[in-house]
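Chemist: After the structure tokens below, expect a handful of questions from me.
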Amino acid sequence: MASEAATTTGVHADAFRRFTAGPVERRKALVERLVACLLGGVTVLLVLPLIAILTTLVAKAWPVLSWAFITENPQTYMTSGGIWAPLVGTFYLVFISLAVAAPIGVLAGVYLNEYAGENWLTRLVNLAVVNLAGVPSIVHALFGVGAFVLFAGFGRSVLAAACTLAVMTLPVIITSTKEALSAVPQSFREACWNMGASRWQTIRTIVLPNAISGILTGVILQVSRAAGETAPILFTGAVFYVAVPDRGLASFLPYGLLDRCMALSYHLFTISTQVTGVSDALQYGTAVVLIGLVVSVNLASIAFRVYLRSRKRW
Amino acid sequence: MVTDSVDPHIAFQNVSVSYGRKVALDRVTLEIPRHEIFGIIGPANSGKTTLLKCINRMIDFAPAAKVVGRVFVGGDDVYQMTNVFGLRRRIGMVFPLPVGLPLSVYDNVAYAPRMAGLTRRDELDELVETCLRQAALWDEVKDRMQLLGTRLSGGQQQRLTIARALSHRPEILCLDEFSIAVDPVTTMKIEDVLLELKQRVTIVLVTNLVQQARRLADRVAFLNDSRLIEVGPTDQIFSEQPAERLTFDYVRGHFG
């Protein structure tokens, strides 16, 4: 067919005979190059702000960045010293909120993906999950005040703030769990059911082991979200300043569940807007630690995902 | 009872299945005798797979599927059974595309016995070897039992699927177009296995390959457009004069 076409149509005939590009091919190649440049350019644009932010932050924070900055408490009305108390507070909030949200979210995701049939109730639940994910964090904060601070009687405390963060991260954990589960081929489940395995046996032995990487990635990514949010903890448990030990073992357990705590995001907010006489370097230093925390958690989750994908079993 | 043949292993009585508005099976009445290879042929979308799914109630998992009529396995009405897991263990199923579970070869075959509560290592070892031998796969995998089932070739995975279907010692083995993803040599190996297995188990063989049914089956049922057109001994179905004109046209390749 090709040779026939080559002998009968002029332009293409030349192209076929000499193996050189005709005008159509040349145009195609040009467009191809333009599209590649455009897409590449946009991608670079994406990276630029991140690099700019990171370099500015680190450059401006350089004078205060030291080990002592991390391990010491704020001093002299927060105009000097380090960020130990808010850093530990953030760790507290993140871990307690995940301890609450991860089991509930994962179990709900398993139910929605593996057990729930297609009916109006599950559609309603799915709709609720999607909408919960879209609720602004300040609204979560007000909900937290009503539900945890007042109704549950936690008062303004680590527990109330962590629960508020948990409610905020729950929908994303549910969604990522569902996605990870639905990535496991349906044929695996049917093979197991055909051999007389129950739904739960199938989930326990086949589905969960193969979805766990996706589920954990979803959970880990919520660490950075919980660490960065200020609004939900503002009314529910974060405090302007609290004196906690920064030496010895006691410095790792400075807060009780019902104590109020400092937190990095809120601390950054107060030293940049509420307290006078704080050096720029101190503010930028706090931002660097906060961003460093988020970035390192994200990197850890990426590394984890790469590791698990290398062991992917089908 | 519609026919009076003695002790059918599987019996369908006036079974209709619909998915929403789509009718998949229309008033099928059929009896499958013990220890035979029972071929089911018919064009695509004629209801063959649906028929199989009724036997072990996998149809329960199909959303919106509505089943009317009664299905008996060994004389028991499958819809009266409370232990559906037990029912499924009495029946081995093999589907068109091989599914190696993401477990080792050994664990693939040991899966069903373990889920049924068998834990003793020596019994499992013996069972796994027997099933793999029956599925004509043992020689190829005996030195790499820890290899992932999903890493085997397509034909090996299909034989692994058959080994798995035999692992819960079923009394019935259903195969749904098992040879689609398998090379001819492997197909022949599996066919030999089936001929040997029928001494002990009843085999229901759904196939698109009319000649395969002719080679293996003792009895053949012909489904078309959700209806059972004809059922009879293989010789009769493939003779110059089957009871129905439609059957003749189909097995001669005039349609479908």
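The values are calculated or read from the model by the stated rules, or taken from the named source; none is laboratory data. Everything numeric in this text was worked out from a predicted model, so none of it was measured. Note that each Cβ is placed from the backbone with ideal geometry, even for glycine, and that neighbours are counted across all protein chains shown.
Chemist: If the Cβ limit is 8 Å and pairs must be 6+ apart or interchain, which residue in the stretch A:240-259 that is in the same structural domain as residue A:270 (by TED's automatic domain parsing) and among the polar types (S, T, N, Q) pairs with which residue that is in a loop (DSSP other than H, G, I, E, B) and surrounded by 16 or more Cβ atoms within 10 Å (Cβ to Cβ)?
Modeler: Every condition considered, the pairs that remain are A:251/A:244.
Chemist: Let me ask something else about it. Output the number of the condition that residue A:292 fails; it satisfies all remaining conditions of (1) part of a loop (DSSP other than H, G, I, E, B); (2) under 19 Å from residue A:66 (Cα atoms).
Modeler: (1)
Chemist: Also: Please pick out the residue among B:155, B:117 that is out of contact with any Gly (no Cβ under 7 Å at 6 or more places or on another chain), assigned to a loop (DSSP other than H, G, I, E, B) and not aliphatic (A, V, I, L, M).
Modeler: Criteria check complete, one pass: B:117.
Chemist: Is it true that residue A:190 is of a type in the set (Asp, Glu), under 24 Å from the mean Cα position of the chain (by Cα) and either assigned by TED's automatic domain parsing to the domain that holds residue A:233 or at pLDDT 95 or above (or both)?
Modeler: No; evaluated as a whole, the condition is false for this residue.
Chemist: Right, another one. Would you check which residues across the stretch A:15-66 are under 20 Å from residue A:296 (Cβ atoms) and not in a helix (DSSP H, G or I) and list them?
Modeler: A:62, A:64, A:65, A:66
Chemist: Across the stretch A:185-201, which residue is surrounded by the most Cβ atoms within 10 Å (Cβ to Cβ) among those that are outside any helix (DSSP H, G or I) and within 7 Å of chain B (Cβ to nearest Cβ)?
Modeler: Per the criteria, the residue is A:195.
Chemist: Just the residues that are in a helix (DSSP H, G or I) and either on the phi > 0 side of the Ramachandran plot or surrounded by fewer than 14 Cβ atoms within 10 Å (Cβ to Cβ) (or both), please, taken from the stretch B:229-256.
Modeler: B:235, B:245 - these are the residues of the stretch B:229-256 that are in a helix (DSSP H, G or I) and either on the phi > 0 side of the Ramachandran plot or surrounded by fewer than 14 Cβ atoms within 10 Å (Cβ to Cβ) (or both).
Chemist: Name the residue, out of B:120, B:34, B:88, that is touching a strand residue (DSSP E or B) at 6+ places or on another chain (Cβ under 8 Å) and among the basic types (Lys, Arg).
Modeler: Just a single option satisfies the conditions, and that option is B:34.
Chemist: Applying the selection to the stretch B:10-37, what residues are within 23 Å of residue B:215 (Cα to Cα) and in contact with an Asp or Glu (Cβ under 7 Å, 6 or more places away or on another chain)?
Modeler: B:34, B:36, B:37, listed by residue number.
Residues checked against (1) within 14 Å of chain B (Cβ to nearest Cβ); (2) part of a loop (DSSP other than H, G, I, E, B); (3) not hydrophobic (A, V, I, L, M, F, W, C):
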position	(1), (2), (3)
A:162	no, no, no
A:167	no, no, no
A:207	yes, no, no
A:246	no, yes, yes
A:250	no, no, no
A:254	no, yes, yes
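Chemist: Let me ask something else about it. Do you know which residues across the stretch A:121-131 are within 14 Å of another protein chain (Cβ to nearest Cβ) and loosely packed, with under 12 Cβ neighbours inside 10 Å?
Modeler: Passing the criteria: only A:123.
Every residue, every condition in (1) touching a helix residue (DSSP H, G or I) at 6+ places or on another chain (Cβ under 8 Å); (2) part of a helix (DSSP H, G or I); (3) at pLDDT 90 or above, yes or no:
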position	(1), (2), (3)
A:69	yes, yes, no
A:93	yes, yes, yes
A:96	yes, yes, yes
A:102	yes, yes, yes
A:128	no, yes, yes
A:148	yes, yes, yes
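Chemist: Looking at A:194, A:131, which one is over 30 Å from residue B:172 (Cα atoms) and out of contact with any Asp or Glu (no Cβ under 7 Å at 6 or more places or on another chain)?
Modeler: Only one candidate passes the filter, namely A:131.
Chemist: Give just the number: which of (1) touching a Leu at 6+ places or on another chain (Cβ under 7 Å); (2) in contact (Cβ under 8 Å) with a residue 60 or more places away in the chain; (3) within 14 Å of another protein chain (Cβ to nearest Cβ); (4) among the hydrophobic types (A, V, I, L, M, F, W, C) does residue B:55 not satisfy?
Modeler: Here residue B:55 clears every test but (1).
Chemist: Hey, can you tell me all the residues within the stretch B:150-167 that are crowded, with 23+ Cβ neighbours inside 10 Å and within 9 Å of chain A (Cβ to nearest Cβ)?
Modeler: B:161, B:164, B:165, B:167 - these are the residues of the stretch B:150-167 that are crowded, with 23+ Cβ neighbours inside 10 Å and within 9 Å of chain A (Cβ to nearest Cβ).
Chemist: Across the stretch A:256-279, which residue is modelled with the lowest pLDDT among those that are hydroxyl-bearing (Ser, Thr, Tyr) and assigned to a loop (DSSP other than H, G, I, E, B)?
Modeler: Residue satisfying both the conditions and the ranking: A:276.
Chemist: Which pairs turn up if I take residues in the stretch B:76-105 that are in contact (Cβ under 8 Å) with a residue 60 or more places away in the chain and more than 9 Å from chain A (Cβ to nearest Cβ) and look for partners that are surrounded by fewer than 23 Cβ atoms within 10 Å (Cβ to Cβ) and in a loop (DSSP other than H, G, I, E, B) with beta carbon separation below 6 Å, at least 6 apart in sequence or on another chain?
Modeler: What qualifies is B:96/B:177; B:96/B:180; B:98/B:181.
Chemist: Test residue A:306 against the criterion of being surrounded by 10 or more Cβ atoms within 10 Å (Cβ to Cβ), farther than 24 Å from residue A:70 by Cβ and out of contact with any Cys (no Cβ under 9 Å at 6 or more places or on another chain), and give yes or no.
Modeler: Taking the combined requirement at face value, the residue satisfies it.
Chemist: Right, something else. If you check B:111, B:106, which single one turns out to be more than 21 Å from residue B:201 (Cα to Cα) and not in a loop (DSSP other than H, G, I, E, B)?
Modeler: Result: B:106 is the single residue among B:111, B:106 that is more than 21 Å from residue B:201 (Cα to Cα) and not in a loop (DSSP other than H, G, I, E, B).
Chemist: Now for a different question. Since residue B:67 meets every condition but one in (1) more than 12 Å from chain A (Cβ to nearest Cβ); (2) buried (at least 21 other Cβ atoms within 10 Å of the Cβ); (3) within 19 Å of the chain's Cα centre (by Cα), which condition does it not meet?
Modeler: (3)
Chemist: Does residue B:69 qualify as being at positive phi and not aliphatic (A, V, I, L, M)?
Modeler: Yes.
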